[in-house]
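J.: Got a structure for you, questions after.
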Amino acid sequence: QVQLVESGGGLVQAGGSLRLSCAASGSIFSIRAMRWYRQVPGKGRELVAGITSGRDPNYADSVKGRFTISRDYAKNTVYVQMNSLKPEDTAVYYCNAALQTFRGTSYIDYWGQGTQVTVSS
């Protein structure tokens, strides 16, 4: 069993900041990458930021310079610090991890339940 639990969402005014956290737990052997996606009603899920072992983080153009992703490898936790938030950042934010369990033989994507971020103008 693997769980991804997000926290840190909420309501903030434009220009404000939020920090999202996602902790992965369970029978985890290895995590290759952890990512944040977001989704608004009626649209597909959009990759916001990702961090892969041994590589530089990557960001969507719309958040570059405002969001920073980081990872605590010891805690299997990923964070995204979101600054200078805009109303268009309003979405449900989902955590994703490409990981292998102790019983698994390949990396599989797991998802969190999502956390709402609302930015008021």
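The values are calculated or read from the model by the stated rules, or taken from the named source; none is laboratory data. Note that the structure is predicted; figures quoted are calculated from it, not measured. Please note: Cβ atoms are built from the backbone with ideal geometry, for glycine as well, and neighbour counts cover all protein chains shown. Note: accessible area is taken over every heavy atom of the protein model, side chains too, but ligands, DNA and RNA are not part of it. Shrake-Rupley method; radii C 1.70, N 1.55, O 1.52, S 1.80 Å.
J.: Select from the range 112-121 the residues that are surrounded by fewer than 19 Cβ atoms within 10 Å (Cβ to Cβ), hydroxyl-bearing (Ser, Thr, Tyr) and part of a strand (DSSP E or B) and list them in ascending order. Quick ask: steps written out before the conclusion?
T.: From the range 112-121, those surrounded by fewer than 19 Cβ atoms within 10 Å (Cβ to Cβ) are 113-114, 116, 118, 120-121; that's our starting set.
If we keep only those that are hydroxyl-bearing (Ser, Thr, Tyr) too, we end up with 118, 120-121.
Once the filter is applied, which keeps residues that are surrounded by fewer than 19 Cβ atoms within 10 Å (Cβ to Cβ), hydroxyl-bearing (Ser, Thr, Tyr) and part of a strand (DSSP E or B), the range 112-121 yields THR118, SER120.
J.: For the subset of the range 49-67 comprising residues that are among the polar types (S, T, N, Q) and part of a strand (DSSP E or B), which member is nearest to ALA97 (Cα to Cα)?
T.: So the residue we want is THR52.
J.: Identify all residues within the range 68-101 that are open to solvent by less than 50 Å² (accessible area, probe 1.4 Å), among the aliphatic types (A, V, I, L, M) and not in a strand (DSSP E or B); write none if there are none.
T.: LEU85
J.: Would you confirm, using the coordinates I've provided, whether ASP109 is acidic (Asp, Glu) and assigned to a strand (DSSP E or B)?
T.: yes
J.: Let me ask something additional. Does VAL5 qualify as being at pLDDT 95 or above and open to solvent by 60 Å² or more (accessible area, probe 1.4 Å)?
T.: Considered against the rule, which asks whether it is at pLDDT 95 or above and open to solvent by 60 Å² or more (accessible area, probe 1.4 Å), VAL5 comes out as yes.
J.: Right, here's the next one. What's the number of the condition GLY8 fails, among (1) under 15 Å from the mean Cα position of the chain (by Cα); (2) at positive phi; (3) free of Cβ contacts under 8 Å to residues at least 60 places away in the same chain?
T.: (3)
J.: If a residue has to be out of contact with any strand residue (DSSP E or B) (no Cβ under 6 Å at 6 or more places or on another chain) and under 14 Å from CYS95 (Cβ atoms) to count, how many in the range 1-58 make the cut?
T.: Summing the residues that are out of contact with any strand residue (DSSP E or B) (no Cβ under 6 Å at 6 or more places or on another chain) and under 14 Å from CYS95 (Cβ atoms) in the range 1-58 gives 0.
J.: How many residues are open to solvent by less than 60 Å² (accessible area, probe 1.4 Å) and over 19 Å from LEU99 (Cα atoms) if we restrict to the range 28-42?
T.: Of the residues in that region, 3 qualify.
J.: Out of ARG45, ARG55, which single residue is open to solvent by 60 Å² or more (accessible area, probe 1.4 Å) and modelled with pLDDT under 95? Walk me through it before giving the result.
T.: On the way: ARG45 fails: modelled with pLDDT under 95.
Criteria check complete, one pass: ARG55.
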